[in-house]
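In what follows, a structure is listed as structure tokens, so that the remarks can point back to it.
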Amino acid sequence: MNSGISKTILRFILLLFLQVAVFKQISPAWEYGIYFHALVYPIFILILPFRFSKNLIILLGFLFGISLDFFYNSPGVHASACVFTAFIRPAVLNLTKSQGEYDILHSPTMSHYGFVWFASYSAILLFTHLFFYFSVEAFTFVYIGQILLKTFGSFIVSYFLIILYQFIFNPK
């Protein structure tokens, strides 16, 4: 089996387990609601190899999201956010660096492209993923204040965990 495919399958299983068994349990509630969620699973889409086609990345995003929806009992919310993230990923890659500068044999990780590049790339995709996720969850912009609070709160926690994930699993 191809090394990239086996790593992707292993990462799929590991991140699904971590998100459901560990990070789903970390959601402190205050009197007015939950303001942050530890959502690290978007890193699955963020670091898929460049050689994967856009259609395959969108399909993998959907499969990952629908798997999460099964465990979160949230039909389609994670799946739609993952598909959206997978869909805008090429645009964010073009925004952060010209396409000719990417090595097709690598994945977009901190170890290959540096901390500054990965920090900006992951921040853009994570923030848009979280905003889309909480917007679909609320299903109306009437609650834009709560959507933004959840987005910013979750962004801080999730971004820290994603950067930590990169330091642990992709050291230089």
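Structure above, values below:
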quantity: Degrees between helix 3-17 axis and first principal axis of the chain (Cα, 0 to 90, nearest 10); calculated: 10 degrees
quantity: Estimated distance in nm for a label pair at K97 and L14, the labels positioned 7 Å out from Cα along Cα-to-Cβ; calculated: 2.1 nm
quantity: Between 0 and 90°, nearest 10: helix 54-72 axis offset from the chain longest Cα axis; calculated: 40 degrees
quantity: P(r) of region 27-162 over all Cα-Cα pairs, binned every 10 Å from zero, in whole percent; calculated: 12, 42, 33, 11, 1, 0
quantity: Local electrostatic count, I45, Cβ distance below 14 Å [Lys/Arg +1, Asp/Glu -1]; calculated: +3
quantity: The chain: calculated mean residue ellipticity at 222 nm from DSSP helix runs of at least 4, using -39500 (n - 2.57); calculated: -21500 deg cm²/dmol
quantity: Farthest positive-ward along region 1-150 dipole, Cα basis, beta-carbon charges - from F131, P75, L16; calculated: L16
quantity: Around D69: net Lys/Arg minus Asp/Glu count, Cβ-Cβ under 14 Å; calculated: 0
quantity: Virtual spin-label span in nm between S74 and F115, 7 Å along Cα→Cβ; calculated: 3.1 nm
quantity: Computed lengthening from R51 to I156, 0.36 nm per intervening residue step minus Cα-Cα distance; calculated: 34.8 nm
quantity: Helix 144-169 vs. the chain, principal-axis angle (Cα, 0 to 90°, nearest 10); calculated: 40 degrees
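Every number in this text was worked out from the coordinates using simple rules, so none of it is lab data. Small disclaimer: the values here were computed from a predicted structure and weren't measured. Here the Cβ is made from the backbone with ideal geometry for all residues, glycine too, and neighbour counts use every protein chain on show.
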